[in-house]
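Below is one structure; the comments refer to it alone.
The values are calculated or read from the model by the stated rules, or taken from the named source; none is laboratory data. Small disclaimer: the values here were computed from a predicted structure and weren't measured. Because the Cβ atoms are built from the backbone with ideal geometry, glycine has one as well, and the counts that use them run over all protein chains shown. Keep in mind that these areas ignore ligands, DNA and RNA; they rest on the heavy atoms of the full protein, side chains included. Shrake-Rupley method; radii C 1.70, N 1.55, O 1.52, S 1.80 Å.
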Amino acid sequence: MLRSLQIEPEKCTGCLQCEMACSYQAEGVFNPSKSRIKIFSFHEEGRFVPYTCTQCTEAWCMHACPVEAIVLNEATGAKEVIDDICVGCKVCTIACPFGTVNYNQDAGTVYKCDLCGGDPECAKACPTQAITYVDSDHGGLERMRAHAAQNLPQDSAQT
Amino acid sequence: MKHVIIGAGPSGVIAAETLRKVDPTSSIIMIGDEPEPPYSRMALPYYLINKIDESGTYLRKDAAHYGNKEIDVIRDRVSKIDTKSKCLSLKNNDKVDYDKLLIATGSHPVSPPIEGIGLPGIHSCWTLEDGRNIVNRAQPGANVILMGAGFIGCIILEALALRKVNLTVIEMGDRMVPRMMDQTAGNLIKDWCKKKGVAVHTSTRVDAIEKGSGDSLKVKLDNGEVLDADLVISATGVAANIQFLEGSGLETDFGVLVNDRLQSNIPDIYAAGDVCQGKDFSTGEYTVQAIQPTAADHGRIAAMNMSGKDTAHQGCVNMNVLDTMGLISSSYGLWMGVDGGESVHLCDNDRYRYISLQFEDDILVGAQALGLTQHVGVLRGLIQTKLKLGKWKNHLLKDPTRIMEAYLANTQAIGHNAGVI
Ligand SMILES: Cc1cc2nc3c(=O)[nH]c(=O)nc-3n(C[C@H](O)[C@H](O)[C@H](O)COP(=O)(O)OP(=O)(O)OC[C@H]3O[C@@H](n4cnc5c(N)ncnc54)[C@H](O)[C@@H]3O)c2cc1C
């Protein structure tokens, strides 16, 4: 059974522990700007929304890549960037309609959530269970994805 | 079922792979006329700067990939299509018949009508062969003239600058990337290049090229200036590879004309990628976009329809991202705006930051950005989902950088969506 990150913004307090844990795991530094997961603040409502790649089945990033530098990890379902192959053309960053593939100008490559190989640090670091790692057929998760992807062309061949 | 694909670029390869997945028992033949394994033109700039070797440009890294998928790759040129007998003639005189045919032959660079354009030392940057020639001549310190500062020209510009050549750019238009960015952004890119030591002449054209001493060339500009060059690179536009279709009965305009199934006027023949005049998401018109994401989408959707899985094409959002010596720019959809629409621009000249959003009612229809590397893809999401922004349109008019928040507020379980407020 594949698992996915489930995000429940109403539980998020904006503490940024997830960003710290993510950047440390991925880049070896405690630096939110290097994190794959991001907390967006809605000061008007006093709310916070953690957001990262949903590992969508359409995989816009993977299909747009001209050099096969984004591949599917069959074990986790994550679409992973292979740094050595990525040329840094950034086409995936404009193709991902969720805005969750970013370019690292220092490294000259792109980066995105890879579910930490199946043991995501963000979920472990979250003190309020706003981010949990759950079975992928969890109903709420599907609704969240469906909502986020509304109106995007659905094309069954894109997996 | 026998599927034949002409062209082994990204569009052809993705079509072949999709066909294998959705039509497992079919026979699939892909015919390409370049000598190398299928590769990506987009990767050429990175080959020019030695970030990758030739194999780094290959679309699929495993040499056995096509064999494993039982995709038969033929290296030859298709010279003619007989649509009545459903048979192709190859240059080596072989014949290949088909049940369903995909034309994915891409485009070719167009040489400007300039005296001396055929001299040695003048190259396009379109194929791996071109890449090798450029690497040979573009040695550190060499005088290099780049004709054309459109999208492709600007992409090569960065690679040439990194090769430490003495670079001069000549562009006929009044700014850089005139078909991708507005005046403000185009001029900021030009300033940036000048600051980095690249001479950029806009509103200037090359009148003639002559042989100079030794291997060098003399390039005459319309302002009377004459420049010495060891290499001239021509990046003045491209045109679809449709010449070989003449007399076949296929309808063409700028590219092969198709319907929203990517099907041509001849029912068993489809087209995809740079050669296809496909539907534009933003305008609903049929145009040649000639970009990689469109080639990928076309390849997939054409293959679905070829295999009998009826799939409508909503149209592709025109989009580009460009790195000009570290200044990253991107543009989407109707970046130039629409009649009766509203727009917002935020510009920080000193930091080379710019963002501009175009709205129709409360829907985002186009965007441009300079210096934005984080979450830029959400602009595509907002445009392609035609997300109704509601009150977030006003928020964006005040602060256009809050695109991600606008998206989340309207799609995720916060605020009204969560029933919280
Ligand atoms: C230097 C450079 C940089 C680029 N950068 C970007 C970028 O950053 N972003 C972006 O979106 N796009 C970029 N592009 C454009 C992108 O590469 C093209 O849109 C893409 O290659 C189109 O894919 P395609 O499969 O339609 O055509 P192609 O890749 O051109 O493949 C078509 C193939 O068909 C072959 N062929 C043609 N006629 C025949 C025939 N009669 N018989 C047999 N074979 C034939 C051709 O030789 C070619 O191998 C760039 C292009 C270049 C040259």
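Cβ separations smaller than 7 Å between residues 6+ apart or across chains give the following pairs from segment B:1-30 residues that are within 14 Å of another protein chain (Cβ to nearest Cβ) and charged (D, E, K, R) to residues that are open to solvent by less than 10 Å² (accessible area, probe 1.4 Å) and away from the ligand (no atom under 15 Å from the Cβ): B:Arg20/B:Ile28; B:Lys21/A:Ala157.
If B:Leu102 satisfies all but one of (1) within 14 Å of the ligand (Cβ to nearest atom); (2) of a type outside the set (Phe, Trp, Tyr); (3) assigned to a loop (DSSP other than H, G, I, E, B); (4) over 25 Å from A:Ala69 (Cβ atoms), what's the number of the condition it fails? Here B:Leu102 meets the rest and fails (3). Looking at A:Met20, is it within 13 Å of chain B (Cβ to nearest Cβ) and assigned to a helix (DSSP H, G or I)? Spelling it out, it is not the case that A:Met20 is within 13 Å of chain B (Cβ to nearest Cβ) and assigned to a helix (DSSP H, G or I). Counting only residues that are closer than 30 Å to B:Ala199 by Cβ and at the interface with chain A (Cβ under 7 Å from one of its Cβ atoms), segment B:295-322 holds 2 of them. For segment A:55-142, please list each of the helices (runs of 4 or more DSSP H) lying entirely inside it that holds at least 1 residues being within 11 Å of chain B (Cβ to nearest Cβ) and either of a type in the set (Gly, Ala, Ser) or in contact with a Ser or Thr (Cβ under 8 Å, 6 or more places away or on another chain) (or both). Output list reads A:60-64, A:91-95. Out of all the residues in segment B:211-227, is one or more open to solvent by 60 Å² or more (accessible area, probe 1.4 Å), part of a strand (DSSP E or B) and within 16 Å of the ligand (Cβ to nearest atom)? No.
Among the residues of segment B:54-61, are any more than 11 Å from chain A (Cβ to nearest Cβ) and open to solvent by 20 Å² or more (accessible area, probe 1.4 Å)? Yes, that holds for at least one residue. Of all the listed residues (A:Ile39, A:Ile82), the sole one being of a type in the set (Val, Ile, Thr) and in the same structural domain as A:Tyr133 (by TED's automatic domain parsing) is A:Ile39.
Residues in segment A:96-106: is at least one open to solvent by 50 Å² or more (accessible area, probe 1.4 Å) and at pLDDT below 95? Within segment A:96-106 (the criterion being open to solvent by 50 Å² or more (accessible area, probe 1.4 Å) and at pLDDT below 95), the answer is yes, since at least one residue qualifies. Please verify whether segment B:235-242 includes one or more residues that are open to solvent by less than 30 Å² (accessible area, probe 1.4 Å), part of a loop (DSSP other than H, G, I, E, B) and free of Cβ contacts under 8 Å to residues at least 60 places away in the same chain. No.
Of all residues in segment B:252-294, those that are small (Gly, Ala, Ser), more than 14 Å from chain A (Cβ to nearest Cβ) and within 14 Å of the ligand (Cβ to nearest atom) total 2. When segment B:295-314 is limited to residues that are away from the ligand (no atom under 16 Å from the Cβ) and more than 16 Å from B:Asp99 (Cα to Cα), the one that is modelled with the lowest pLDDT turns out to be B:Gln314. Scanning segment B:12-45 for residues that are part of a loop (DSSP other than H, G, I, E, B), in contact with a Ser or Thr (Cβ under 6 Å, 6 or more places away or on another chain) and more than 10 Å from the ligand (Cβ to nearest atom) yields one hit, B:Asp23.
Here B:Lys190 fulfils each of the conditions (1) without any contact (Cβ under 8 Å) to a residue 12 or more places away in the chain; (2) assigned to a helix (DSSP H, G or I) apart from (1). Just one residue in the set A:Cys92, A:Cys65 is within 16 Å of the ligand (Cβ to nearest atom) and over 14 Å from the mean Cα position of the chain (by Cα); that residue is A:Cys65.
Is it the case that segment B:52-63 has a residue that's charged (D, E, K, R), modelled with pLDDT of 95 or more, near the ligand (Cβ under 9 Å from one of its atoms) and not assigned by TED's automatic domain parsing to the domain that holds B:Ala149? No: segment B:52-63 contains no residue that is charged (D, E, K, R), modelled with pLDDT of 95 or more, near the ligand (Cβ under 9 Å from one of its atoms) and not assigned by TED's automatic domain parsing to the domain that holds B:Ala149. Across segment A:1-14, the qualifying residues are those that are at pLDDT 90 or above and more than 22 Å from B:Ile403 (Cα to Cα), and the one among them that is most open to solvent (accessible area, probe 1.4 Å) is A:Arg3. Selection of segment B:62-86 for residues being in contact with a Ser or Thr (Cβ under 6 Å, 6 or more places away or on another chain) and either in a loop (DSSP other than H, G, I, E, B) or surrounded by fewer than 16 Cβ atoms within 10 Å (Cβ to Cβ) (or both) yields B:Ser79, B:Lys80, B:Thr83.
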